[in-house]
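Read the figures in this text as sums done on the coordinates, not as results from a lab. Just so it is clear, the structure is predicted and the values come from calculations on it, not from any experiment. Cβ placement follows ideal geometry from the backbone for every residue including glycine, while neighbour counts extend to all protein chains displayed.
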Amino acid sequence: MISTYNSMFMSNGVEQATIPGRTPFFIPYTAIMEDGTFTTYVAGDAVVREPGVTFIVDSWIPDQFEKLKVDISGSEPILTTKDGMEVIDPRSEQEKLIAQKELELMELKAQKR
């Protein structure tokens, strides 16, 4: 299963800030095949005027869409990998650590206010 998030934003009750490294990933229902694979998607801040499902994912996930599928059998759609496929985080260990520290700093600032 692919990590998805409830929001792209963190709020301290007064201000709202975008969490770095997250992006909306929209898949139109018409693009989802019977096996859960999909033919098109929209990532980032785009206005979409058709029904579909939006996931909030790490910003590097859309680049590997060919490895993904959508499970719509349950009450909520789930973004997952195709059988035998693996999504690989292309960031270096240093980039991952920086992203983790940036998120921790945002959380601390949100608690302060």
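Things worth noting here:
- Between the helical axis of 93-112 and the longest alpha-carbon principal axis of the chain there is an angle of about 60 degrees.
- Cβ crowding within 10 Å ranks LYS69, LYS109 as LYS109, LYS69, fewest other Cβ atoms first.
- Selected from VAL47, VAL70, VAL57 as most flexible by GNM, with the chain as the system and alpha-carbon contacts under 10 Å: VAL47
- Pairs of lysine residues in the chain that meet both criteria, 8 or more places apart or on different chains and Cα atoms under 17 Å apart, total 4.
- Between the C-alpha center of the stretch 44-58 and that of the stretch 67-108 there is a gap of 16 Å.
- Counting other Cβ atoms within 10 Å as a rough exposure proxy, the listed residues SER59, SER92 run SER92, SER59 from fewest neighbours to most.
- Residues considered: LEU97, LEU79, LEU68. Largest GNM mean-square fluctuation over the chain, using C-alpha springs under 10 Å, is found at LEU97.
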